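Here the structure comes first, spelled out in structure tokens, and everything after it is commentary.
Every number here is computed from the coordinates shown, using simple stated rules; none is lab data. For clarity, every value in this text was computed on a predicted model and none was experimentally measured. Positions of Cβ are backbone-derived with ideal geometry, glycine not excepted, and every protein chain shown enters the neighbour counts.
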């Protein structure tokens, strides 16, 4: 798969199927952040949730045989979500 295909696949998931299934990305990540914050006893932002999900995907690439294309697609998706959340919060 070429770089543009990873990005296009991530785009179709973030703005299509997953958006339809999970709703607004910022609201979804804020819900996750609230739960993680309560569980850990520290404040976690919606943007940090997306970044930590990227880190989880990166960790998977460190395991033998885990260099799956969908892992890279998901990393692209989470990067775009983190970027949009950051942008929306600066508006």
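Brief remarks follow.
- The helix-only estimate of mean residue ellipticity at 222 nm for the chain, built from DSSP H runs of length n ≥ 4 each weighted as -39500 (n - 2.57), is -24500 deg cm²/dmol after division by the residue total.
- Using alpha-carbon coordinates, inclination of helix 69-90 to the longest axis of the chain, degrees: 40
- Seen through its C-alpha gyration tensor, with square-root eigenvalues sorted a ≥ b ≥ c, region 3-90 comes out oblate because a/c lies at 1.5 or above while a/b is not bigger than b/c.
- Nearest-ten-degree value, helix 3-12 long axis tilted from longest Cα axis of the chain: 50
- Selected from 13, 40, 55 as most flexible by GNM, with the chain as the system and alpha-carbon contacts under 10 Å: 40
- Ranking of 78, 72 by count of other Cβ atoms within 10 Å, fewest first: 72, 78
- Stretch gain in nm, segment residue 88-residue 34, where the contour uses 0.36 nm per residue and the Cα spacing is subtracted: 17.6 nm
- Relative contact order for the chain, counting Cα pairs under 8 Å that sit 6 or more residues apart, in percent: 33
- Cα shape, region 25-67, gyration tensor, a/c 1.5 rule: prolate
- Nearest-ten-degree value, helix 46-61 long axis tilted from longest Cα axis of the chain: 30
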